[in-house]
1. Efficiency by 1/(1 + (r/R0)^6): what FRET value for ARG7 and ALA40, r their Cβ-Cβ distance, R0 = 45 Å, to the nearest 0.05?
2. Rg over Rh of the stretch 68-132, using C-alpha atoms and the Kirkwood radius, what does it come to?
3. Taking all protein chains as present, what is the carbon and sulfur share of the accessible area of the stretch 23-161, in % to the nearest whole number, probe 1.4 Å?
4. Against the globular-protein guess of 2.2 N^0.38 Å, express the Cα radius of gyration of the chain as a ratio, rounded to two decimals.
5. Starting from a Cα-only point model with no solvent, please compute log10 I(q)/I(0) by Debye for the stretch 97-161 at q = 0.15, 0.19 1/Å.
6. Pick from SER99, SER47, SER16: which residue has the top mean-square fluctuation in a GNM of the chain where Cα pairs under 10 Å get a spring?
7. Mean-square fluctuation check for the chain, GNM, Cα pairs under 10 Å: which of TYR17, TYR136, TYR60 is largest?
8. Let me see the pair-distance distribution of the stretch 38-104: every alpha carbon pair, 5 Å bin width, integer percents in order.
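The values are calculated or read from the model by the stated rules, or taken from the named source; none is laboratory data. Note that the coordinates shown come from a computational prediction; the quantities given were computed from them, not determined experimentally. Heads up, the Cβs are rebuilt from the backbone with ideal geometry, glycines too, and the neighbour counts pull from every protein chain shown. Calculation scope for accessible area: heavy atoms of the full protein, side chains included, ligands and nucleic acids excluded. Shrake-Rupley method; radii C 1.70, N 1.55, O 1.52, S 1.80 Å.
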Amino acid sequence: MPSPDDRRGRVLTTVSYFASVGLIGLVGGSVGPTLAPLAAQTGIGLSTIGVALSARSFGYLIGAVGAGRRIERRNTHRAIAFALLAAGVALSLIPVARSLASLLPIMVVLGCMLATLDVGTNTLLLRRHGAGAAPYLNALHFSYGLGALAAPFLVAAVATP
């Protein structure tokens, strides 16, 4: 029987994985409601703003490959903590990007950090729960959906008229 400390640690890490993936969903779901203001902020048309989304996807590909390699080599809790911090910094820099050229590197970094969170939390959840991980993986991906569902409401609540 696991000790109470081990059970508490298992619950805390599992909940933090869920929260991290919920944040990935929140970021992903906030794209749609913010496209027009982002295009206006950077002075480009809606037809061109898709390049920024492609940059984020490119960063996601880079991050997924890099995170997979890091996970095999060392403890990834530090990588996840760094990815959360770096994603927060990248998100906070988006409102100050005044051109497409300044927005693209931010989006690449954001995509890279989101992929690190995604790959890291999925892998660590499997390591943490082993053969009994199936319901936890379902809940993990459900938390992504909750974040994506909440995003438009959150954007609407904090948007300035």
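1. Values: r = 50 Å, r/R0 = 1.12.
Given R0 = 45 Å and the Cβ-Cβ separation, E is 0.35.
2. Details: Rg = 14.3 Å, Rh = 12.8 Å.
Using only Cα positions, Rg/Rh for the stretch 68-132 is 1.11.
3. Details: 5310 of 7530 Å².
It is 71 percent, rounded to a whole number.
4. Numbers: Rg = 17.1 Å, N = 161, 2.2 N^0.38 = 15.2 Å.
For the chain, the normalised Cα radius of gyration is 1.13.
5. -0.71, -0.91
6. Largest GNM mean-square fluctuation: SER47.
7. Its mean-square fluctuation being the largest, the pick is TYR136.
8. 4, 15, 20, 22, 15, 11, 8, 5, 1
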